[in-house]
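Report on the following structure.
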Amino acid sequence: MNEYLMAKKNGREIPLQDKIFGINERAKKMSEEVGSENVVNASVGALLDEKKKLVVLDSVTSVLNSAQGEDYAPYAPIGGTDEYKEAIKKVIFDDIEVKAHVGVVATPGGTGAIRNVISNYTEREDEIITTDWYWATYKSIAEEQNRKIKTFEMLDEEGCFNIADFENKLNENLEQKNSALIILNTPAHNPTGYSIKYDEWQNIVKKITNKAEKGKQIILFVDMAYIDFAGDKKEVREFLKLFNDLNENILVVLGYSASKTFTFYGMRTGAMVCMSKNKDIAEEFNRVCQYSARSSWSNCNRLGMWALSKIVEDERLSKKVDEEREYYREILKERGEVFDAEAKKIGLKTVPFNAGFFASIPCENPDEICGKLEKEGIFLVPLKKGIRVSVASVSKEICKELPAKIMGALKS
Ligand code: PLP
C-alpha cells in the first residue's frame, strides 16, 4: 500500500483501489456466483429503479438523440457557451430574484466546481472547513492540491446543525489566516441525507457576516449536487435568498451538478456560480476559474451543455423533464422514509435524514460491520464515523429489510 515505483507521492495517500469501486466489484462478483437476486448492493451513488436498472429520463434521452454534429463536435468556450450559462442560472435560481452580482463557469460535473474553488480560493497547506460527515472525494480533491480538510461536528445533540462547533472551527482558521473556505453540502447531504434548515442557514449567515465585518474573507461553497432530489423545487431553493445582500467580504460559490438532476452522470456537465455584492469580485471569479479550467480539463462536454440548454430554453420540454424526475423523486423519498421509519421502529440509530440518495448509521468499527454484512450479500459503504446506505440504488422492499440486517450485524 502506498508504495510508489516511479510516481511521486506529493503528500497524497493513494490507495491501491478506490473504496467504492472495490465494493462494487465484490458485489458484482458475488452476483455472478450466487445470482443477483441474492445480493443487495446499496453502495452505488446513482438512482436505480425498483428493478435495479439505472434511471435515465426518457425526456432527456430524446433531446440527446436529436443532436446534430455541430451541436457537439466543436470545442466549447472555456467558461461554457452563453446559452449554457444562462440555462445554469435558470436551473439554479428558478424564479428567485437575484440581486447579487453573478459569475458562471462551466465545469465537468459538480466535481470540477469543487476542484476550482479550492485551487482559486485557498493556498497550499490551507485547511478547508467542512462537516465531519462528508463526501470522501473532498479530501482527495484537497490533497491533490496540497490542501487539507478540517471538520466540525455537523450535528449537535438535538440533531440540529452544530452552529457552535462550526463557529469554533472557523475561529481557529481565522486566527491564523485572513480568509477561510467552507464547504457545505446541502440539501440532501451525501452521506447522511441531512438538509440544513432555513433558520440554521440564517444562523450560518449571521456568523460569517460577523467575521466579514471584521475584515475576514469568507468563501462559502454550497455543494448542491442533490438539490433536485431534495423536495419541492421552490422550497429547497429558499435559502439562496439569504445570499442576495451579503457583506462584500463574503463570496458564495454554488456547485451545481447535472449528473443527478438530468440523469447525466457520464456527460460530465456542471457549473460553479458565484454571488457577490462586488461586481469586480464576480468578474475576477470568472477570470480565475476559467484559467483553472483551461489548465486542467480545458473545456467541458459540449453535448451536455447543449442538451441542458435545449431543455431549459423550451418550457414544455422543461416541464416534461421536471415531471419525469418528480416521479422518481417520489420513489426515492418513499424509500428513504421507509428506511428511516423501520430504523426508528427497531431502535437503529441513524443520522437525521431529510432527503436524497443516502442515509447513514453512526457506529464503531464500520469496516468490520460492513465486512460481516458483505458475507450475507449486503454491500454498504463503511465511512470514518459509520455506514452509508444508498437508498437510491435499492428497492423500497429492501429499504424496509435493511435496518434489521444492519442491527443484526451491529449486535453480533
Ligand atoms: N458533491 C457530492 C456530495 C456528490 O456526492 C457528488 C457526486 O457523487 C458530486 C458533488 C459531484 O458529482 P458530479 O461530478 O458527477 O457532478
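One table, with the values for the structure above:
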| item | result |
| --- | --- |
| Mean residue ellipticity (222 nm) of the chain, computed from DSSP H runs ≥ 4 via -39,500 (n - 2.57), nearest 500 | -14000 deg cm²/dmol |
| Principal semi-axes in Å for the chain [√(5λ), Cα gyration tensor, largest first] | 32, 27, 22 |
| Selection from ALA67, VAL117, LEU57, by position along the positive dipole direction of the range 45-119 (Cβ) | VAL117 |
| The chain - accessible surface per residue (Å², probe 1.4 Å) | 48 Å² |
| Per-selection Rg to Rh, the range 19-101 - Cα, Kirkwood hydrodynamic radius | 1.15 |
| Gaussian network model of the chain, Cα within-10 Å springs - most flexible of ILE88, ILE183, ILE331 | ILE331 |
| Mean projection area, nm², convex hull over Cα of the range 32-158 | 14.3 nm² |
| Carbon + sulfur, % of accessible area of the chain - ligands and nucleic acids excluded, 1.4 Å | 48 percent |
| Relative contact order [Cα under 8 Å, 6+ residues apart], the range 64-152, whole percent | 23 percent |
| Out-of-range pairs (alpha-carbon distance over 24 Å; input LYS139/LYS385; LYS29/LYS333; LYS197/LYS372) | LYS29/LYS333; LYS197/LYS372 |
| Computed accessible area, TYR134, all protein chains, 1.4 angstrom probe, square angstrom | 40 Å² |
| Pairs from LYS28/LYS345; LYS89/LYS320; LYS9/LYS260 whose Cα-Cα separation, in the structure shown, is over 21 Å | LYS28/LYS345; LYS9/LYS260 |
| Sites ASP156 and GLU32, calculated FRET efficiency, Cβ-Cβ separation with R0 41 Å, nearest 0.05 | 0.35 |
| Most mobile of ALA67, ALA307, ALA343 in a GNM of the chain (Cα contacts under 10 Å) | ALA67 |
| Note, ³J(HN,Hα) from phi for the range 9-17, Karplus 6.51, -1.76, 1.60, rounded to Hz, x at Gly and Pro | 6, 6, x, 9, 9, 9, x, 5, 9 |
| Neighbourhood charge, 14 Å Cβ-Cβ cut-off, centred on GLY110 and excluding it, Lys, Arg +1 and Asp, Glu -1 | +1 |
| Average Cα contact separation per residue, the chain, under 8 Å, 6 or more apart, as relative contact order % | 25 percent |
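The values are calculated or read from the model by the stated rules, or taken from the named source; none is laboratory data. These figures come from a predicted structure and were not determined experimentally. Methodologically, a virtual Cβ is constructed for each residue, glycine included, from the backbone with ideal geometry; neighbour enumeration extends over all protein chains shown. Accessible surface is based on the protein model in full, side chains and every heavy atom, while ligands, DNA and RNA are left aside. Shrake-Rupley method; radii C 1.70, N 1.55, O 1.52, S 1.80 Å.
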